[in-house]
Amino acid sequence: MLSLVSERVASVATSASRPRTMLLTALMLVGIGTIVQADPVLSPADALPAATDTSNATAATNATTNSATAAQSDLASAPPDVSKLIGQFVNWDFGAGYLRDLQKNGKDASYYLVQQNGKQMAASGSPFVNTDVVAPQTLPVPQSDKKSYQLTIQKGTAQLSGGLIEAYATSNIPLFREVATAVGKALQLKDFREFRGTLAVNSTTDFKSTVWQGGLETPALHPLQFLNAGANNGVNAMNWTFLSVLNENQDSTGNTQRNVGLFSYRSSLGRGFRPVSTDTPLTPAETNELVAKVTASAIQTSEDKCIESGVYDYGKLKTYADSIDRSSKDQALISIRFLVRNISSTKIDTKDKWESALKDYVATRYSTVHLTQSTIEAWIDSTGWYQFTGPSTNNNRFSNLMSANLRYYLTPNKGANSSWILLRYENGIERATPTVYNDYLTLSTGFAFN
Amino acid sequence: MPTPLEIVIRSAKEQYGTVPLDNNDRIAVEAYLKAPDDADAHLLGILGGIQMSEFIQVNVQNEWNATENAFWKKIESKENAGDLDKPDGWGPSITLDLIANALP
């Protein structure tokens, strides 16, 4: 995470460096095999199972070379732990891409990244390598929203001081929440109940150049929610916007300290398409077995608690369900607690109804396939600010940055981090670098072997 | 008094502005929100297995990282029970039944 953010910041001063061609994509794919096989941790005997990996021609060839030695050691020892080997072999991420700078005199660039177990092994062409080719789940927080707290210390990213420190926090402020609740009720705008306070500090590690920023921001607003109105929830697109008002104090080496006032926004609009399931579905026999097991256990357990002398007592059942440990991992107990607390008592007011509902619930819960990964994702992020006091850094009171993204997952059923192609268009100015104008198109691809 | 599941689903809808992407799950959520008291065991079975990633749809892990705390705060404020512990398995693939069961 730190290295990713670090490269992103470092890239500001070194944009569009070292142009390469898309041939790198193919070259790096071949390179993966070589790197995997060259893992010094593995002995020749350990490498033997890799020969069965038909997806890696290089590994297979090299493993065959080692097979004579491996066969001898296999005779005298237990077979290696294959699952352990798979872990060592396949936890690799690879990404590469090409940037087309659309500005006059802009320079095109290519970039790639190879990492093992999250550790960067080789990379070139930041900053785009960080945001475009890393597996989605390892990306830093997107530009359009923030975690509650984050501290980042970056080494080797500033020419004079040697590093940068970045910290920020967002949290609800009780006083403003109360005021906002009253205002929200009066205006019937419930989203205004939860204003968040924000505080951010950016500094070089020698603290000679610092920027403090503090203010208030709204919770997630949905100004485009009308898109989701109507039959079938309209386009059902995820959309949110945060608005904030900030005071920024800038104190840099050789410059006079100054304060500026800002209105800013962060927003996102996106939708997935063609959802698929990432779970391996159970066979009908496995499903039946699981349902029978959970149901029998749940019925037995609950009846022990709520039926005395053959008399069913819903009140006891409710009390028992409420008493079940909230963090229980027992599927029968989870089912009892969830069902009893979410269904109307009139639907389970007899022993027969309870048993029937329980069977129906468990059968549906564990046999229904849910679709959780989009095949295609399309989204637009935008951030911007309006400076209402103080001297402007770039002579524009209003500046913003917009990115439009289209990602296609080649193997969505294997999860979001398996393989994808990402087309991104970015235009505008980032607050961290108000004098740098971006206008480019990138095409990236990523593969993960997990 | 809303049920724990209703609190979770309404919080998700308010946080992300969406209902699940999958058609069957979307229809189940719509039916439930219209008349939560009418939910039968079959409908609850469908709803219980829905994962949060279905609401988020895009850039799922990133969005989850950035919004999960605000989402949980929303649930807590609706539950009106102060600070609660997030359930085991808290992440974009957590199912609605596990979130609902974490409420007192």
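The table that follows gives values for the structure above.
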read-out	value
Qualifying position, being more than 13 Å from the chain's Cα centre (by Cα) and under 27 Å from A:Ile380 (Cα atoms), among B:Asn80, B:Asn65	B:Asn65
Candidates A:Leu221, A:Leu269, filtered to the one that is open to solvent by less than 40 Å² (accessible area, probe 1.4 Å), over 30 Å from A:Leu339 (Cβ atoms) and in contact (Cβ under 8 Å) with a residue 24 or more places away in the chain	A:Leu221
Filter pass, A:Thr287 being among the hydroxyl-bearing types (Ser, Thr, Tyr) and open to solvent by 40 Å² or more (accessible area, probe 1.4 Å)	no
Set B:Val19, B:Val60: member being under 24 Å from A:Ala363 (Cα atoms) and either within 9 Å of chain A (Cβ to nearest Cβ) or touching a residue at least 60 places away in the same chain (Cβ under 8 Å) (or both)	B:Val19
Top-ranked residue of region A:335-368 - restricted to ones that are among the β-branched types (Val, Ile, Thr) and farther than 19 Å from B:Tyr32 by Cβ, ranked as nearest to the other protein chains (Cβ to nearest Cβ)	A:Ile336
One residue from B:Leu33, B:Leu96 being more than 7 Å from every other protein chain (Cβ to nearest Cβ) and out of contact with any Lys or Arg (no Cβ under 9 Å at 6 or more places or on another chain)	B:Leu96
Cross-chain or 6+ apart pairs with Cβ under 8 Å, region A:316-334 first and at the interface with another protein chain (Cβ under 10 Å from one of its Cβ atoms) and at negative phi, then in a loop (DSSP other than H, G, I, E, B) and open to solvent by 70 Å² or more (accessible area, probe 1.4 Å)	A:Arg326/B:Asp85; A:Ser327/B:Asp85; A:Ser327/B:Asp88; A:Lys329/B:Asp88; A:Leu333/A:Asp325
Total residues in region B:65-93, condition more than 7 Å from chain A (Cβ to nearest Cβ), open to solvent by 10 Å² or more (accessible area, probe 1.4 Å) and of a type outside the set (Gly, Ala, Ser)	12
Every residue from region A:343-363 that is closer than 16 Å to B:Leu5 by Cα and in contact with an Asp or Glu (Cβ under 8 Å, 6 or more places away or on another chain)	A:Ile343, A:Ser344
Test for A:Thr301: is it farther than 30 Å from A:Asp206 by Cα and away from chain B (no Cβ under 11 Å)	yes
Residue that is farthest from the other protein chains (Cβ to nearest Cβ), among those in region B:42-52 that are open to solvent by less than 10 Å² (accessible area, probe 1.4 Å) and in a helix (DSSP H, G or I)	B:Leu47
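Okay, residues lined up against (1) within 29 Å of A:Pro412 (Cβ to Cβ); (2) small (Gly, Ala, Ser):
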{"residue": "B:Leu5", "(1), (2)": "yes, no"}
{"residue": "B:Thr18", "(1), (2)": "yes, no"}
{"residue": "B:Ala41", "(1), (2)": "no, yes"}
{"residue": "B:Ile46", "(1), (2)": "yes, no"}
{"residue": "B:Asn59", "(1), (2)": "yes, no"}
{"residue": "B:Ala70", "(1), (2)": "yes, yes"}
{"residue": "B:Lys86", "(1), (2)": "yes, no"}
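The values are calculated or read from the model by the stated rules, or taken from the named source; none is laboratory data. Everything numeric here is computed off the predicted structure, so don't read it as measured data. Neighbour counts run over all protein chains shown; Cβ positions are idealised from the backbone, glycine included. These area figures cover heavy atoms from the full protein model, side chains too; ligands, DNA and RNA do not enter into them. Shrake-Rupley method; radii C 1.70, N 1.55, O 1.52, S 1.80 Å.
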